[in-house]
């Protein structure tokens, strides 16, 4: 039966091709005497002879004959000229060859993914897009190169999706997608929870929407524009002031909040729950309300603000002191929550052992609790510094001048618009992210309460 099929199917395909070639040509659907159509008919005849002699793979040969016949009768309608039509046919034959090899040598799921990918590419570049035949050919070549591996196929589809549906942010979407795929393919652990990867994917989708605007702004701006904007004296002064005030504010927060966090971690007292909740107030209230609240108490026309100015000569509204005060206000919850959690992770029994060995209460804190909590405390300080450096609303009300970096961006936007402001924002993003990741990397060098596992 198989022998008869190999002898009868190729002539049947060629006869059907020849009949439809004549019939559709007579109806005006195709041009039967065009050189390209005659070459397709002749090629099918040659392939038929080769298959009948048994000199080629039967499955591949019959597939090639069907492709040639279908392309000669219908496929040319989808191509603008004979050259493009021939290129489409050639790449489709290559794709057919790859598909057959996948069918013969790999599990069925690989072939199913390959077939579905081909249909989706056909829909995207031929049916959905206009004049995208060249992209379709390139996509088929990419599919043929990656279809043998699900991992490579996933990266291929990330590339296709980024440049097909994420215009004009294709490169940004590609970078984020490749990173997320790397995360997914590196999943490992002692226990495998089937629901966890699904939760990870859903979270990464949301994170994609958060990262895309940031990356689009950073990549979309010309480096020369960013360098030119950084050469402006007012911009350099704003960045310098932001870095100085944020560092001072974080140092003040650390000096007062780290001991307080230790006390909250080790002591139980009436109102502790309320105090822990009150720490979150700067997060809850709007930034503008925070600025007004600070002015209401520490403004130069208010009792406390006037008293401080008379005794210490310190004025908050419209000065760097006011900037630090606003930054301390908004940064306090970040360092407090992190520091309390860090000290909670240190077993109190270690300090008790130090006390039994002769250490004082302060010595046990300084030599045992603080070093072991240093990584968590440092991480909390970094978050507080980043929050202080990026504060806008409260600083705008308390001290709009001198300008910090966020205030400078706002003033430039209102005066010159989005196009003139984008290079400054991109430069600030590069500077902030570089510094933030440097600090995060430095934190890894600190000791931890968690035992490192092999």
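The values are calculated or read from the model by the stated rules, or taken from the named source; none is laboratory data. Note that this is a predicted model, so its numbers are computed, not measured. Neighbour counts are summed over all protein chains in view; Cβ atoms, including those assigned to glycine, are modelled from backbone coordinates with ideal geometry.
Odds and ends about this structure:
- Any hit, region 260-275, residues being more than 27 Å from residue 361 (Cβ to Cβ) and touching a residue at least 40 places away in the same chain (Cβ under 8 Å): no
- Restricting region 35-49 to residues that are surrounded by 14 or more Cβ atoms within 10 Å (Cβ to Cβ) and without any contact (Cβ under 8 Å) to a residue 24 or more places away in the chain, the residue that is farthest from residue 93 (Cα to Cα): 38
- The lone exception for residue 436 - which of (1) surrounded by fewer than 18 Cβ atoms within 10 Å (Cβ to Cβ); (2) more than 27 Å from residue 353 (Cα to Cα); (3) at pLDDT 90 or above it fails: (3)
- Among helices (runs of 4 or more DSSP H) entirely within region 355-404, having at least 2 residues that are closer than 30 Å to residue 287 by Cβ singles out 370-389, 393-398.
- Residues in region 211-246 that are under 10 Å from the mean Cα position of the chain (by Cα) and crowded, with 16+ Cβ neighbours inside 10 Å: 211, 212, 215.
- The residues in region 317-354 that are assigned to a helix (DSSP H, G or I) and either closer than 28 Å to residue 390 by Cβ or not assigned by TED's automatic domain parsing to the domain that holds residue 382 (or both) can be counted, and the count is 25.
- Hits in region 303-316 - residues which are modelled with pLDDT of 90 or more and not in a helix (DSSP H, G or I): 314, 315, 316
- Test: residue in region 277-292 that is farther than 20 Å from residue 393 by Cβ and in a helix (DSSP H, G or I): yes
- If the condition is being more than 28 Å from residue 311 (Cβ to Cβ), surrounded by 13 or more Cβ atoms within 10 Å (Cβ to Cβ) and in contact (Cβ under 8 Å) with a residue 40 or more places away in the chain, then region 284-301 contributes 287, 288.
- Residue within region 344-352 that is surrounded by 15 or more Cβ atoms within 10 Å (Cβ to Cβ) and without any contact (Cβ under 8 Å) to a residue 24 or more places away in the chain present: yes
- Test set (1) without any contact (Cβ under 8 Å) to a residue 24 or more places away in the chain; (2) more than 30 Å from residue 101 (Cβ to Cβ) - residue 24 fails condition number: (1)
- Restricting region 185-203 to residues that are at pLDDT below 85 and touching a helix residue (DSSP H, G or I) at 6+ places or on another chain (Cβ under 8 Å) leaves a set whose member that is nearest to residue 216 (Cα to Cα) is 201.
- Counting only helices (runs of 4 or more DSSP H) that sit wholly inside region 110-210, those with at least 1 residues that are over 25 Å from the mean Cα position of the chain (by Cα), without any contact (Cβ under 8 Å) to a residue 40 or more places away in the chain and surrounded by fewer than 18 Cβ atoms within 10 Å (Cβ to Cβ) are 133-146.
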